[in-house]
Amino acid sequence: MAVPRFRRPAMLDMEEAEQIEGDIDPADRGLIAHETAAALVSQARASQDPELTARLVRLVDEEGIDTVAMMWSKAGSHTLPGALWRIYMLREWVKFDAPSVARSYHHGVEAANVRHAIAGVEDPPGPKEVKALADSVLSGVFSGDLAVALERAGAFCRVVATGAAYEASSDDGHNDKRAHQTSLRAAQLLRTGEELERCAGMWREDRLD
C-alpha cells in the first residue's frame, strides 16, 4: 500500500497522523520502533557530533513526516519512540503554524508562568521564538539531558494548551465552530504535555525504552 505524503501538518493532530499506514508487518513494527529510536538516541548522544544532531533535528524536513510515522507513530505514548514521535510532530506543527502557536503561547504565559519558565521560550514569545524552542528541544534530545528536553516540550504544550483554552472561551458564543476546534486542540496539547512529562520521569528512572 502506498504511503500518503503528509509533509506540512497545519496543526498538532496525533490522531490523524497515527492513521498513516506503511507496508511494515504489524508484528515487526513495535520492534523496529524501539530499536530505531534507541539506536538514534544512543548513537547521537555517544558521538556528541553537532552535525549529526543538526541532521536528526532536520529528519522530517529531509525524509518527510510519513517516514517518521512509519517508524514511530504506532508506539505507545510512554515509550522512547512514542516520545520522539510527539516531539517531531510538535516541531512540524510549530514550524508551519508559528504565528498561531505563538499567539496561543502568549495568551497562556500569564496563567502558566511556571511552565513558561520550564519551557524556556524567549520573551516576547513570537513566531521566531517558538520555532527556536522547538529546534532547541529536539536538539536536546540528542545532545543534552533527555529528561530536561522532554520536560521542556511538555511544559511548552501545557502553556499553549492554556492559551488555546483561553481563546476558545473568548470565541464561545461568537464563533462556536472555531471555539470547538480550539478546545479540542487545547485538550490534545494538554494530553501530549502530560505524556511527555511522564516520559521525562521514566527516563530518569531508566524505564523509558
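The values are calculated or read from the model by the stated rules, or taken from the named source; none is laboratory data. Remember, predicted model here, so these are calculated numbers, not experimental data. No Cβ is skipped: glycine too gets one built from the backbone with ideal geometry, and neighbour counts run over all protein chains shown. Note: areas computed on protein heavy atoms with side chains; ligands, DNA, RNA excluded. Shrake-Rupley method; radii C 1.70, N 1.55, O 1.52, S 1.80 Å.
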- When residue 47 is run through (1) polar (S, T, N, Q); (2) at pLDDT below 90; (3) closer than 21 Å to residue 145 by Cβ, the failure sits at (2)
- Task: Return yes or no: is residue 160 of a type in the set (Val, Ile, Thr), under 16 Å from the mean Cα position of the chain (by Cα) and over 28 Å from residue 205 (Cα atoms)?
- Result: no
- Task: Name the residue, out of 54, 39, 69, 46, that is crowded, with 19+ Cβ neighbours inside 10 Å and either assigned to a helix (DSSP H, G or I) or basic (Lys, Arg) (or both).
- Result: 69
- Query: Are any of the residues in the range 103-119 aromatic (Phe, Trp, Tyr) and touching a residue at least 60 places away in the same chain (Cβ under 8 Å)?
  - Reply: no
- Item | Among (1) open to solvent by 10 Å² or more (accessible area, probe 1.4 Å); (2) over 15 Å from the mean Cα position of the chain (by Cα) - the single one residue 64 does not satisfy | (1)
- Go through the residues of the range 74-87 one by one and say whether even a single one is open to solvent by 50 Å² or more (accessible area, probe 1.4 Å), modelled with pLDDT under 95 and in a helix (DSSP H, G or I). no
- Considering residues that are touching a residue at least 24 places away in the same chain (Cβ under 8 Å) and of a type in the set (Gly, Ala, Ser), the number found within the range 166-209 is 5
